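**Q** The structure that follows is given in the form of structure tokens.
Derivation of every value follows stated rules applied to the coordinates shown; laboratory data play no part. Computed from a predicted structure; not experimentally measured. Every residue, glycine among them, receives a Cβ derived from its backbone with ideal geometry; neighbour counts consider all protein chains shown.
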Amino acid sequence: MSPALLAPLELVYASFVRARNARFDRTAAQRLRWPVISVGNLSIGGAGKTPLVICLARLLERQGWGADVLSRGYGRSSRVTERVDPTGDALRFGDEPLLIARAAGVPVYVGANRYEAGLLAEAEASGDGRHVHLLDDGFQHRQLARDLDIVVMHGSDLRERLLPAGRLREPLSSLERAGVIVLRAEDAELADTLRGYAARDCRFWQVRRTLALSGTGKRAMAFCAIARPEEFFRALAAAGVNVVERVSFRDHHRYTARDMERLAKLAKRHGCDEFVTTAKDEVKLDASLRPQLNAVAPLRIAALTLEIENQSEAVSQLVSLLRV
């Protein structure tokens with residue numbers, strides 16, 4: 001349906017967002033014992049929150065902080081608030097929490113109620129020292145008090161409309177709540193525009209994203225189930241991967257045996273020598289699904305890594321804002 005036809009619903013949604021934020025502005029949020037850093041965004045996906053959470057968890061650990069991650073665990077089958085087992089499966093814990101647990105090497109807790117997840121994290125922690133919670137996708141989860149809101153922006157956010165006509169969960173004016181706004185290096189010129197929406201003391205970070213994969217000369221089939229698949233395919237081409245067939249599924253899609261059969265048939269038809277997918281997708285491919293792909297060609301994983309420019313300065317800013 002076209003955005004013009006959805007415009008009346010967009011107005012209804014905007015009224016809902018205003019009322020919801022006004023309610024949270026008047027109500028005290030639940031506060032955990034340890035400081036909370038929220039990492040979120042305005043749009044419905046694809047801005048790069050997960051790589052940033054992994055990056056921050058590693059940086060904070062190096063600074064002597066005991067870091068953990070609190071996540072909703074979108075699409076998970078369990079309703080239990082629990083710690084993610086890195087050897088577990090994405091159906092139980094959610095694909096992004098499982099990826100974070102494996103890549104960051106810090107405790108990750110999932111639960112619809114992030115306050116309860118935080119209490120569990122604090123109860124299970126060993127030792128004294130300094131601890132911090134990273135609230136994954138937390139900008140709209142205002143039930144939990146936070147010491148800092150980090151908002152990851154995508155270049156297209158400035159051109160988007162509110163749901164359901166566009167991808168924005170909140171208007172740009174909500175950036176006034178942000179303590180840090182994160183931009184990709186290629187979107188650095190947007191900082192001047194965004195300063196018009198942000199608070200005067202808001203800090204701006206730039207990040208560089210790198211795809212840890214290089215071309216082999218083989219004919220590759222690329223597939224993914226992420227919010228912005230076209231960016232993944234472009235990154236593969238830039239890395240020299242010879243992609244001869246592309247398949248995308250909806251974000252957070254749960255793979256099935258039928259999906260694997262489809263991918264295997266397409267790979268055979270196009271004479272592909274390898275499959276390539278993202279790290280987020282790889283955690284969803286359990287032992288029951290991989291054999292169908294491996295029977296045709298090996299699977300390679302394209303891991304997206306993120307580096308903050310002027311990293312030492314950014315970490316100093318981060319630590320200075322935390323309650324000790």
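**Q** Please give the Cα centre distance for the range 272-290 versus the range 241-259, rounded to the nearest Å.
**A** If we compute the Cα centre of each part, the gap is 9 Å.
**Q** For ARG209 and ASN242, FRET efficiency with R0 = 30 Å and r from the beta-carbon atoms, rounded to 0.05?
**A** Result of the calculation: an efficiency of 0.90.
**Q** Follow-up question, since we're still on this one. Along Cα→Cβ, 7 Å out, is where each label goes; now give me the distance between the ones at LYS265 and LYS218 in nm to one decimal.
**A** Result for the modelled spin labels: 2.3 nm.
**Q** About its Cα centre, how strong a charge dipole does the chain have in debye, to the nearest 20, once Lys and Arg get +1 and Asp and Glu get -1 at the Cβ?
**A** It comes to approximately 620 debye.
**Q** What is the calculated FRET efficiency for THR87 to ALA295, with r their C-beta to C-beta distance and R₀ = 22 Å, to the nearest 0.05?
**A** Approximately 0.35, to the nearest 0.05.
**Q** How large is the direction-averaged shadow of the alpha-carbon convex hull of the range 34-174, in nm²?
**A** 8.6 nm²
**Q** Based on the mean of other beta carbon atoms within 10 Å per residue, what is the order of 291-297, 144-150, most packed first?
**A** 144-150, 291-297
**Q** Suppose the chain between SER316 and ALA28 were pulled fully straight at 0.36 nm per residue; how much longer would it get relative to their current alpha carbon spacing?
**A** 100.9 nm
**Q** Let me ask you something else. When the scattering of the range 127-174 is computed by the Debye formula from its Cα atoms alone, each counted once and equally, what is log10 I(q)/I(0) at q = 0.19, 0.23, 0.27, 0.28 Å⁻¹?
**A** -0.74, -0.95, -1.12, -1.16
**Q** Let me ask something else. For the chain, with the dipole built from +1 on Lys and Arg beta-carbon atoms and -1 on Asp and Glu ones, taken about the Cα centre, which of LEU168, ALA178, ALA199 lies farthest toward the positive end?
**A** Final value for the positive-end residue is LEU168.
**Q** Now for a different question. Could you rank the peptides 258-265, 123-130, 69-76 by their average count of other C-beta atoms within 10 Å per residue, with the highest value first?
**A** Top to bottom by mean Cβ count within 10 Å: 69-76, 258-265, 123-130.
**Q** Ok, one more. Over the C-alpha atoms of the range 211-304, what are the Rg and the largest Cα-to-Cα span, Dmax, in Å?
**A** 11.9, 32
**Q** Given the Cα-Cα distance of LEU9 and GLU61 and 0.36 nm per residue of separation, how much length would full extension add, in nm?
**A** Extra length from LEU9 to GLU61 when fully extended: 14.3 nm.
**Q** Give the distance, in whole Å, between the Cα centre of the range 98-135 and the Cα centre of the range 166-223.
**A** Comparing the Cα centres of the range 98-135 and the range 166-223, I get a distance of 25 Å.
**Q** Going by amide H atoms built from the backbone, whose H comes under 5 Å of the H on PHE275, apart from near neighbours?
**A** Placed amide hydrogens put MET221, LEU299, ARG300 under 5 Å from PHE275.
**Q** Which order, highest average first, do 212-220, 271-279 follow once you tally other Cβ atoms within 10 Å for each residue and take the mean per peptide?
**A** 271-279, 212-220
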